[in-house]
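Notes follow the structure.
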Amino acid sequence: MLKRVATVLILSMVLSFVFTNNLLAEQSSKDLPGVVNINTATLQQLMLLPGIGEKKAKLIIASRQKHPFTRIEQLTRIKGIGKKTIKWLRPYVVFEGETTLKTPIRIKRNRAIAK
């Protein structure tokens, strides 16, 4: 009996976790202040992204002229961009369409938020 109760409890916790994460993911994508097309953005537009300053923005522009980006993980070929920066950038980077981000994104406690 105790095993059955524990199993039901664990199953309900897992399902609620999955459901909550899906809702948050849908909500956060709708609430984004904009996106940056990494292949066409200007220096100033790239600098709106979290963790991207002038130096990294220039390196992104130089790199994309040789090899346009098709996946966000390709940004790790830029010196100073690693897994943590990719995590911050992921919601705001696109590879097609226009750049719509107008305000800088700043990082606060492992989250990127609009200023």
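Nothing in this text is a laboratory measurement; each read-out follows from the coordinates by a stated rule. Nothing here was measured: the structure is a model prediction, and the numbers come from that model. Ideal geometry is used to build each Cβ from the backbone, glycine not excepted, and the neighbour counts take in all protein chains shown.
Let me spell out the model: positive unit charges on the Cβ of Lys and Arg, negative unit charges on the Cβ of Asp and Glu, origin at the Cα centre of segment 30-115. What dipole size does that give, in debye rounded to 20?
Once rounded to the nearest 20, the dipole reads 500 debye.
Once you have the Cα-Cα distance between Leu43 and Arg90, take 0.36 nm times their residue separation minus that, and quote the gain in nm to one decimal.
On the way: separation 47, 0.36 × 47 = 16.92 nm, distance 1.84 nm.
The span from Leu43 to Arg90 would gain 15.1 nm if fully extended.
Straight-line reach from Lys66: which lysines have Cα under 22 Å away, leaving out those fewer than 8 places along the same chain?
Lys55, Lys56, Lys58, Lys79
Amide H neighbours of Val93 under 5 Å, at least 5 residues apart or on other chains, H built in the peptide plane: list them.
HN-HN under 5 Å from Val93: Val36.
Taking segment 59-105, which chymotrypsin sites (Phe, Trp or Tyr not before Pro) meet the DSSP loop condition and have no more than 13 other C-beta atoms within 10 Å?
Values: sites: Phe69, Trp88, Tyr92, Phe95; in loops: Phe69, Phe95.
Loop-located and lightly packed - none at all.
Asp31 to Thr103: extension gain in nm, 0.36 nm per residue of separation minus the Cα-Cα distance?
Numbers: separation 72, 0.36 × 72 = 25.92 nm, distance 1.36 nm.
Once the chain is fully extended between Asp31 and Thr103, it gains 24.6 nm.
Kindly provide the trypsin sites (Lys or Arg not before Pro) of segment 40-103 that DSSP labels as loop, not H, G, I, E or B, and whose Cβ sees at most 13 other Cβ atoms within 10 Å. Please list the in-between numbers first.
Details: sites: Lys55, Lys56, Lys58, Arg64, Lys66, Arg71, Arg77, Lys79, Lys83, Lys84, Lys87, Lys102; in loops: Arg71, Lys79, Lys102.
Qualifying residues, ordered by number: Arg71, Lys79, Lys102.
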